[in-house]
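Let me begin by presenting the structure, written as structure tokens, before commenting on it.
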Amino acid sequence: MSFFRTAKNTLIGDKHFYSKIFAIVLPMIIQNTVTNVVSLLDNVMVGRVGTLQMTAVAIDNQLMFVFNLCIFGGLAGAGIFSAQFAGAGDQNGLRHCFRMKWYIALLMFALALIIFIAFPTPLIKGYLAENTSAEDVFATLSYAKSYLKVMLFGLFPFAVSQVYASTLRELGETRLPMLSSVVAIFVNLIFNYLLIFGKFGFPKLGVVGAAVATVLSRYVEIFIIVLFTHLKAKRFTFIKGAYSSFEVPLSLCKKIIKSGSPLLINEFLWSMGMAVLLSCYSVRSLTVVAASNIANTAANLFNVAFISMGGAISIVLGQALGAGNTKKAADMVWKLIALSVFLSTALGILLALVGRAVPLMYNTEADVRAMATSFLYVLAALMPFFAFSHSCYFIMRSGGRTFITFLFDSVVIWGLNIPVAYTLSAFTGINIVLVYLIVQGLDIFKCILGFILVKKGIWIRKIVD
């Protein structure tokens, strides 16, 4: 009985704990759910146009995914300090972090713009299997380049909106980022329908229409979040005087760069690793790219629990550590992990139940649908493990242990996942679904490593004065 009582006290919180966590995480779950529902519908719309068009958009979105994660990773270093400054009630520290985020976001934007303008063809061709017909290669490349050209106009508003949204979340304000994102998402959905298919007098633009709708939604999002942040300056006091100076104290700048560089490098290498993984699978055929796109888009809708819980973990632990309440942080950590795993297990079961139905929405070949269904079953079965490792990552990050998170994420994917994926895909005849299961299942090793690191408590430290 004592074992179960101890387990209950360690893993299950009280009413106050859950009310606080859900107040933070529910807006994030709603935002991520709406985002992924619309992403799924967007994907289906493009998929109704044709498989090559869907594949082209999937390739471009994988490239955009790298940029997005570089923005998240770049801002995360300053975000660690923002969360702890918020816990300490230091508004001036928040302003300095906000300015630092601007510098990082502008740098990421400039680099991405240069790379996407200078090297579109080799970046896209990296996903096209050698056995693909010349006709399909030409068509896919054409669709992808057209889509990418338009998407470049959305890089800047996305970067700036993340500067604002991330700072608000670190304060514990998750509703305004949710509102701006949800409105933008519905704008994206509506104009996707109008511009992809040419409805109600709008031009029929196909994949270009999908890109135009996305870019338009990015400007809607930045308008809402910037406007309301400044209108509610009495509540978000860090914004008062945020632009009166562009100064960031050199000592803080050095700390942010020291802590943030591993995160930026990690997000870049991890996102590139995910892109390379897809490229490894694609040596079999373009069918795998299309099936993986369908499966990942659908699975993202069910990943919202552990993705959102990661954000909540970084907020509540960061604020507790910043306030110097390390005992409270240590008490919450296993309860947070348990909640994330529980929610993700429930959603994993739900994903398995609908896994066969989702690919039927796509106007694509039967073998693509069958493969996508199998991929979905794999992702559903492993979702609790993804939730555990994801939680461990954000726990390490909340205490500024960014080099460990780098080892935890990027070293594993490049040192383990990618070599296994490439070897099995390129040099064996193993069924691609089994290859996918083996590679995704390697996340279990991250769970073991994460458990050891969290239990040792090396993440428990205050990094702001």
(message) What are the pairs with Cβ atoms under 6 angstrom where one residue, in segment 212-240, is hydroxyl-bearing (Ser, Thr, Tyr) and the other, located anywhere, is not in a helix (DSSP H, G or I)? Sequence gap at least six, or different chains.
(response) THR229/PHE236
(message) Taking the criterion of being among the hydrophobic types (A, V, I, L, M, F, W, C) and under 25 Å from GLY93 (Cα atoms), would at least one residue in segment 199-213 satisfy it?
(response) no
(request) Could you please find all residues in segment 355-368 being in contact (Cβ under 8 Å) with a residue 12 or more places away in the chain and either surrounded by 20 or more Cβ atoms within 10 Å (Cβ to Cβ) or in a helix (DSSP H, G or I) (or both)? (result) GLY355, VAL358, PRO359, MET361, TYR362, THR364, ASP367, VAL368
(request) Would you tally the residues in segment 236-257 being surrounded by 13 or more Cβ atoms within 10 Å (Cβ to Cβ) and of a type in the set (Lys, Arg)? (result) 2
(message) What pairs come out if I take residues in segment 402-419 that are assigned to a helix (DSSP H, G or I) and pair them with residues that are modelled with pLDDT under 85 and charged (D, E, K, R) whose C-beta lies under 6 Å away, six or more apart or interchain?
(response) THR405/ARG397
(request) With respect to LEU382, determine if the residue is surrounded by fewer than 23 Cβ atoms within 10 Å (Cβ to Cβ), farther than 22 Å from ASN431 by Cα, in contact with a helix residue (DSSP H, G or I) (Cβ under 6 Å, 6 or more places away or on another chain) and not aromatic (Phe, Trp, Tyr). (result) no
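So that you can scan it fast, the table gives a plain yes or no per residue for (1) of a type in the set (S, T, N, Q); (2) within 30 Å of LEU317 (Cβ to Cβ); (3) not in a loop (DSSP other than H, G, I, E, B):
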| site | (1), (2), (3) |
| --- | --- |
| LEU179 | no, yes, yes |
| ASN188 | yes, no, yes |
| PHE191 | no, no, yes |
| PHE200 | no, no, no |
| PRO203 | no, no, no |
(request) May I ask you to verify whether ALA86 is out of contact with any Lys or Arg (no Cβ under 9 Å at 6 or more places or on another chain), modelled with pLDDT under 90, surrounded by 20 or more Cβ atoms within 10 Å (Cβ to Cβ) and small (Gly, Ala, Ser)? (result) yes
(message) So GLU135 passes all but one of these: (1) touching a residue at least 12 places away in the same chain (Cβ under 8 Å); (2) in a helix (DSSP H, G or I); (3) not aliphatic (A, V, I, L, M). Which condition number does it fail?
(response) (1)
(message) Can you pull out every residue in segment 95-128 that is surrounded by fewer than 18 Cβ atoms within 10 Å (Cβ to Cβ) and not in a helix (DSSP H, G or I)?
(response) PHE119, GLY126
(request) Would you point out which residue out of ASN68, ASN92, ASN61 is in contact with a Phe, Trp or Tyr (Cβ under 8 Å, 6 or more places away or on another chain) and either surrounded by 24 or more Cβ atoms within 10 Å (Cβ to Cβ) or in a helix (DSSP H, G or I) (or both)? (result) ASN68
(request) Select from segment 252-291 the residues that are touching a helix residue (DSSP H, G or I) at 6+ places or on another chain (Cβ under 9 Å), at pLDDT 80 or above and among the basic types (Lys, Arg) and list them in ascending order. (result) LYS255, LYS258
(request) Go through the residues of segment 407-420 one by one and say whether even a single one is on the phi > 0 side of the Ramachandran plot, over 19 Å from the mean Cα position of the chain (by Cα) and buried (at least 17 other Cβ atoms within 10 Å of the Cβ). (result) no
(request) Taking only segment 199-229 into account, find how many residues are among the basic types (Lys, Arg) and closer than 25 Å to GLU173 by Cα. (result) 1
(request) Output the number of residues of segment 323-354 satisfying the condition of being under 30 Å from LEU286 (Cα atoms) and loosely packed, with under 15 Cβ neighbours inside 10 Å. (result) 4
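The values are calculated or read from the model by the stated rules, or taken from the named source; none is laboratory data. Everything numeric in this text was worked out from a predicted model, so none of it was measured. All Cβ positions, glycine included, derive from the backbone under ideal geometry; neighbour counts span all protein chains shown.
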